[in-house]
Amino acid sequence: MGRRPAWIEPRKAIPRGLRERILDRAAGLCECCGERLGEMNQPEIDHIKPQALGGTDDEDNLQVLGRHCCHVAKSAEDTRSIAQADRKSGRSGQWARRKRRGGSMIKSRGFDKRFRRKMDGTVEQK
């Protein structure tokens, strides 16, 4: 995995009691598609609204998904939406990197004003 940005807080483990309540609520079924969970399709606790987008560890924001039937696709979708939110907020991308380094936009030195470029590509002194 890559580095986590500094603005994302470290993840905390979901307490055991809360985890058991969520698994009991699902009754052995994926809460997305209703497929039975077991050895082949292991249960995964997932945030409905990702933490990086302001989601919490409350019981109403957690759901049980099957690892193979829904969780992989949901995680990919969450990753795309988090990346899009980061780009829009300016927390990632080239402008954010330049801001962290203290630089601004790339400035061109331009063409030396003592010379003139002709249409044929040659350069002559003014």
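Each reported figure results from applying straightforward, stated rules to the coordinates on display, with no laboratory input. All of these numbers come straight from a predicted model, not from anything done at the bench. Every residue, glycine among them, receives a Cβ derived from its backbone with ideal geometry; neighbour counts consider all protein chains shown.
Some points to look at:
- Peptides 59-70, 19-30, 37-48 ordered by average Cβ neighbours within 10 Å, highest first: 59-70, 37-48, 19-30
- Charge context of residue 21, other residues only, Cβ under 14 angstrom, K/R +1, D/E -1: -4
- For the stretch 74-79, putting each phi into the Karplus relation 6.51 cos²θ - 1.76 cosθ + 1.60 with θ = phi - 60° gives couplings of 5, 5, 5, 5, 4, 4 Hz, in residue order, rounded to whole numbers and with x for Gly and Pro.
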